[in-house]
Amino acid sequence: MSRRLGRWLVAVPMAVLALATVYPLLFAANVAMKTRREYILDRFSLTGTLHWENLGIAWNSVGMARYFVNSLVVVAGAVALLLIIGSMAGFALSQLRFRGSTALFLICLAALFIPFQVIMVPLARTMADLGLIDTYPGLILAYVAQFLPFTVFLMTSYYRAVPSEIIDAARIDGNTVYGVYRRIMLPMGAPALLSVGILNALFCWNDVLISLLMMPSADHRTLMVGVTSLRGQYSDDIPTFAAGVLIAAVPVLVTYLFLQRQIADGVTAGATKG
Amino acid sequence: MRPAEPRPADRTGAGEPVAGAATSGSRKARDGRRAERLAPYVLIAPALLIIVGLRLWPLMLGVNFSLTGDGERNGTSVGLDNYADLFDDPLFRTALRNVGLLVLLLPVAVALPGLLATFIYLRVPGHRLFRSVYFFPAVLSPVIVGAIFNLLLAYDGPLNAVLGGAGAGPVDWLGDPRVAVFAVVGVHVWATFGMALVVFLAGFATLDPALLDAARVDGASLPQSIRHVIIPGLARTIQFVFVTTMIGMLTSMFGLLYVMTGGGPEGSTYLPEYYIWVQQGQMNRPALASAASTVLFLIMLVVGLVQIHLLRRVGRED
């Protein structure tokens with residue numbers, strides 16, 4: 001009986017914390033639906049009529065539409081490359097015996113512990129030398145370089161669990177190594193590729209530092225960099241500012257609602273397999 | 001995640017058996033064998049090229065670069081001058097002091113999600129909902145989180161209104177140099193504790209439930225169970241969370257700082273990553289920025305190694 005009571009006693013502060021977790025976003029959503037006048041008069045109360053037009057204003061007036069497309073292009077390119085390159089390397093490192101495989105795995109592992117901030121100055125120079133600053137391929141390549149060690153590590157540990165008999169059987173059936181990769185490893189890796197893909201998409205979509213560094217011109221801004229510039233343009237029009245923030249958050253919210261499991265799997269894979 | 005058994009269709013690959021062709025010793029078969037031997041290298045080449053060229057090589061370049069000059073002395077060797085400049089700069093010293101503060105706050109940032117995960121594991125009412133809700137800010141961009149909290153923490157914003165209702169004076173959350181750094185770190189913890197929570201829950205999944213039941217039968221209280229069953233059982237998970245939380249604090253607060261304070265007020269919210277960005281992007285002192293990068297890398301190495309060492313020792317004592 002007392003144990004049961006204890007559970008409820010714990011649940012109350014946890015519910016308060018849960019409320020504190022969602023409140024900021026609800027507050028922003030509520031503000032985004034107000035008129036400027038309503039916001040200035042009373043910023044807390046629930047808005048009476050929903051002013052959806054704020055979303056349209058934010059979308060059209062500061063180039064949010066353009067930033068949105070920029071982000072989509074870059075994220076799609078980076079994730080596709082990460083999954084292909086990462087699964088190829090993961091297959092080789094987990095299932096194929098070749099000279100130097102351990103050393104190569106250690107190199108990938110070491111790169112995992114180099115944060116972007118530590119290499120950003122020389123990386124920006126290298127990218128400038130290659131003529132890739134302020135180009136889509138440049139930002140895509142920077143994202144691939146940033147998240148590849150993590151992707152290789154995860155795909156390697158996932159593919160280790162594939163029984164080698166399956167690969168041997170496929171080889172006896174006449175498959176080349178590439179055939180095994182395409183016909184066995186890619187389909188079998190689907191759950192891991194989905195998890196890693198979503199996680200990488202979130203990382204790239206949410207990034208601001210790499211994008212600021214690689215895409216200096218206003219035309220090429222990604223959505224998150226666009227959000228940082230909203231503040232300056234709408235410092236006296238908070239509802240439109242909040243509407244812009246909301247637009248930038250919606251794709252992530254939708255992804256979370258449908259793919260929470262896969263995201264959590266990706267986050268925890270490093271912990272349970274390290 | 002575990003791979004599923006492949007469907008039978010996956011096994012039947014195209015192409016004729018190689019065995020016969022290999023014994024005939026034809027040129028085609030030799031080429032085929034060589035291609036097969038090279039295949040692992042071909043598969044790993046793109047990854048290796050990118051990782052070495054754009055991660056490891058820049059690390060070397062950066063260290064080297066930090067020993068050369070900026071501006072007029074561009075390209076010439078200046079020894080450790082940049083490092084001397086760095087430690088003379090009050091902004092960088094503030095950044096280092098803030099790193100110290102983060103290290104001190106680290107146990108809280110680990111214990112909070114750990115405790116919440118324990119309650120969720122013990123199935124408090126609503127545990128499924130709590131798990132989903134707590135994890136959700138972790139997927140939001142720091143830029144979005146920062147933008148929203150700019151509104152919430154405004155001098156005339158909701159938080160001060162709540163405080164005012166309770167009779168406490170308004171606090172200038174982002175404008176007071178003594179308060180701002182705590183406000184930003186608080187927002188970072190709010191935004192990321194769900195990440196650690198999920199990792200803890202994955203650790204709990206590997207814990208033998210019989211141990212906890214046995215402790216309960218023996219009449220152990222919850223704190224006793226945590227101390228003697230959960231902490232030793234999750235030693236590796238706890239170690240992982242400590243290291244990743246620290247790395248997160250040192251390398252993923254840029255977005256918040258950029259949106260919420262811009263390093264101010266009075267430079268009080270500088271962190272090394274923000275300092276590197278400002279020196280590289282605004283002040284046009286890339287060599288000085290490289291020196292700061294090298295210092296940040298050393299800090300992370302030392303903090304990481306010390307943590308692993310300490311936590312191993314704690315683990316052994318149990």
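Observations on the model:
- Residue check, B:Val259 more than 20 Å from B:Val198 (Cα to Cα), of a type in the set (Val, Ile, Thr) and within 12 Å of chain A (Cβ to nearest Cβ): yes
- Cβ pairs under 6 Å, 6+ apart, first in segment A:102-120 and more than 27 Å from B:Ala289 (Cβ to Cβ), second open to solvent by 10 Å² or more (accessible area, probe 1.4 Å): A:Phe105/A:Leu93
- Residue among A:Val79, A:Val121, A:Val152 that alone is in a helix (DSSP H, G or I) and more than 25 Å from B:Leu61 (Cα to Cα): A:Val79
- Filtered residues of segment B:101-146 (kept if at pLDDT 90 or above, hydrophobic (A, V, I, L, M, F, W, C) and outside any helix (DSSP H, G or I)): B:Leu140
- Top-ranked residue in segment A:139-162 [being more than 9 Å from chain B (Cβ to nearest Cβ) and more than 18 Å from the chain's Cα centre (by Cα); ranked as least open to solvent (accessible area, probe 1.4 Å)]: A:Thr156
- Some residue of segment A:123-146 being touching a Ser or Thr at 6+ places or on another chain (Cβ under 7 Å) and farther than 20 Å from B:Ile276 by Cβ: yes
- From the options B:Asp85, B:Asp31, residue that is acidic (Asp, Glu), within 30 Å of B:Gly264 (Cβ to Cβ) and in a helix (DSSP H, G or I): B:Asp85
- Beta carbons closer than 7 Å, at least 6 apart along the sequence or on distinct chains, pair a first residue in segment B:46-60 that is modelled with pLDDT of 90 or more with a second that is not in a helix (DSSP H, G or I) for B:Arg55/A:Ile114; B:Leu59/A:Ile114.
- Inclusion of A:Val22 among residues that are over 28 Å from the mean Cα position of the chain (by Cα) and without any contact (Cβ under 8 Å) to a residue 12 or more places away in the chain is not warranted.
- Candidates in segment A:1-59 are the residues that are within 19 Å of A:Ala249 (Cα to Cα) and not in a helix (DSSP H, G or I); of these, the one that is most open to solvent (accessible area, probe 1.4 Å) is A:Trp52.
- For the residues A:Ile114, A:Ile133, the requirement of being modelled with pLDDT of 90 or more, among the hydrophobic types (A, V, I, L, M, F, W, C) and in a loop (DSSP other than H, G, I, E, B) singles out A:Ile133.
- Of the residues examined, B:Pro107 is one that is more than 9 Å from every other protein chain (Cβ to nearest Cβ) and without any contact (Cβ under 8 Å) to a residue 24 or more places away in the chain.
- Of all residues in segment B:281-298 being open to solvent by 30 Å² or more (accessible area, probe 1.4 Å) and under 17 Å from B:Tyr83 (Cβ atoms), the one that is modelled with the lowest pLDDT: B:Met283
- When the residues of segment B:32-45 are filtered to those that are over 40 Å from the mean Cα position of the chain (by Cα) and open to solvent by less than 80 Å² (accessible area, probe 1.4 Å), the one that is modelled with the highest pLDDT is B:Ala35.
- Qualifying residue in segment A:249-261 (condition: within 23 Å of A:Ala78 (Cβ to Cβ), surrounded by fewer than 17 Cβ atoms within 10 Å (Cβ to Cβ) and of a type in the set (Phe, Trp, Tyr)): yes
- When residues in segment A:175-230 are screened for being among the β-branched types (Val, Ile, Thr) and facing chain B (nearest Cβ under 7 Å), 6 of them pass.
- Candidates in segment A:60-80 are the residues that are open to solvent by less than 40 Å² (accessible area, probe 1.4 Å) and under 15 Å from A:Ala242 (Cα atoms); of these, the one that is modelled with the highest pLDDT is A:Met64.
The values are calculated or read from the model by the stated rules, or taken from the named source; none is laboratory data. Computed from a predicted model, the values in this text were never measured in an experiment. Using ideal geometry, Cβ is built from the backbone for each residue, glycine included, and neighbour counts are taken over all protein chains shown. For the accessible areas, the whole protein counts, side chains as well, though only heavy atoms, and no ligand, DNA or RNA atoms are used. Shrake-Rupley method; radii C 1.70, N 1.55, O 1.52, S 1.80 Å.
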